[in-house]
1. Return the single residue from 13, 200, 45 with maximal mean-square fluctuation; model: Gaussian network over the chain, springs between Cα atoms under 10 Å.
2. Quick one: grab the alpha carbon gyration tensor of the range 203-262, order the square roots of its eigenvalues as a ≥ b ≥ c, and give me rounded if a/c is under 1.5, else prolate or oblate depending on whether a/b is larger than b/c.
3. When we measure straight from the Cα of residue 249, which lysines land under 27 angstrom away, once same-chain ones fewer than 8 places off are left out?
4. What is the distance, in nm, between label points placed 7 Å from the Cα along the Cα-to-Cβ direction at residue 90 and at residue 73?
5. Whole angstrom only: what separates the Cα centroid of the range 135-197 from the Cα centroid of the range 8-65?
6. Given +1 on the Cβ of Lys and Arg, -1 on the Cβ of Asp and Glu, and no further charges, what dipole in debye does the chain carry about its Cα centre, rounded to the nearest 20?
7. Which shape class, rounded, prolate or oblate, goes with the range 97-243 when its Cα gyration tensor gives a ≥ b ≥ c as root eigenvalues, a/c under 1.5 marks rounded, and past that a/b bigger than b/c marks prolate?
8. Cβ under 11 Å from residue 260's Cβ, residue 260 left aside: what net charge do those residues give with Lys, Arg +1 and Asp, Glu -1?
Amino acid sequence: MQNLISAVVEQVGSIVLGKPREIRLALACLLAQGHILIEDLPGMGKTTLAQVLAKTLGLSYQRTQFTSDLLPADVTGISIYHNETKQFELHKGPIFNQVVLADEINRANPKTQSALLEAMAEHQVSIDGTTYELPSPFFVIATQNPLSHAGTYPLPESQLDRFMMRISLGFPDVVAEKLILLSEDRDRQFMHLRPCLEPGQLLAIQKKIDKLAASDAVLDYIIALCHVSRGQDENFRPLSPRAGKALLKAAKAWAFMENRDFVHPEDVQAVFAAVCQHRLEIVSDAFSGHKEGLALRVLEQVDPTDPLVNLS
């Protein structure tokens, strides 16, 4: 299975240039059965990363451009009455794909943003009183522009908390940017992409990750990090138990990608900022340099060798 993971990372990295860590974080989020929020300036490769991941993993994919006039039914679908059959027929929305790209999600109004909430949390949607199961695996990739840009609506805390990770791609280095300038048209690049995994293989990997061992020491480390966040000043939002569960699942996925069948504190540290920074911020706007200062402050206060030493 490690060969399959390496093939996925290599193929995505051949299109999204110079961002190996961000690619691995996005893949870890998917393997951990989470959803990811990518925040950055326009033109930084957010949409490209989502498209390449879907094609490489062999999953059905649809992009929805979120705008101020987008309605919840445009995302979930709508039931239409047919006179001939005297019945309602469901016209499924883009949410019924395995990979859903909610592009520029913070340009839509809060009512439409919330249409994703049930889908992300329960892997199901309710339309006209009927509940419909979503396909498996199911993965939401949302992109958003900085809140300082015109026409944006901040995501509420409850919606942010549904995203296991938030990352920012950032500007490429000189070498990567030169390769980007010299690369062929994106549509031509996509023609060469081939699925490296089948959906069944992906589900098997996700189940294997769920069973990875996490020692009491690792669990104590995660608990200590959450408790430390709850004793900070007013610039912090405390980490909830749900954040702790997300951190553990992400750390398990990272350990699997590192070819280990157990979780090490280093795995927790590797994913901590991506999992927790947007949960810690009072005002979640990653493009203030996408600084990870709050997450790093929490990490610095906990010794992984004796995490509970300062806790009551």
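1. 200
2. Values: a/c = 3.09, a/b = 2.26, b/c = 1.37.
It is prolate, given that a/c is not under 1.5 and a/b is the larger ratio.
3. Result set, ordered by chain and number: 19, 46, 55, 207, 208, 211, 291.
4. Calculated label separation equals 1.6 nm.
5. Each part's Cα centre sits 6 Å from the other's.
6. On the way: 29 positive and 37 negative charges, 85 e Å.
Computed about the Cα centre, the dipole is about 400 debye.
7. Details: a/c = 1.25, a/b = 1.22, b/c = 1.03.
Taking the square roots of the gyration eigenvalues as a ≥ b ≥ c, the range 97-243 is rounded.
8. Values: positive: 252; negative: 258, 261, 266, 267.
Summing Lys/Arg as +1 and Asp/Glu as -1 gives -3.
Values in this text are rule-based calculations from the coordinates and carry no lab data. Please read all numbers here as calculations on a predicted model, not as lab measurements. Backbone-built Cβ (ideal geometry, glycine too); neighbour counts: all protein chains shown.
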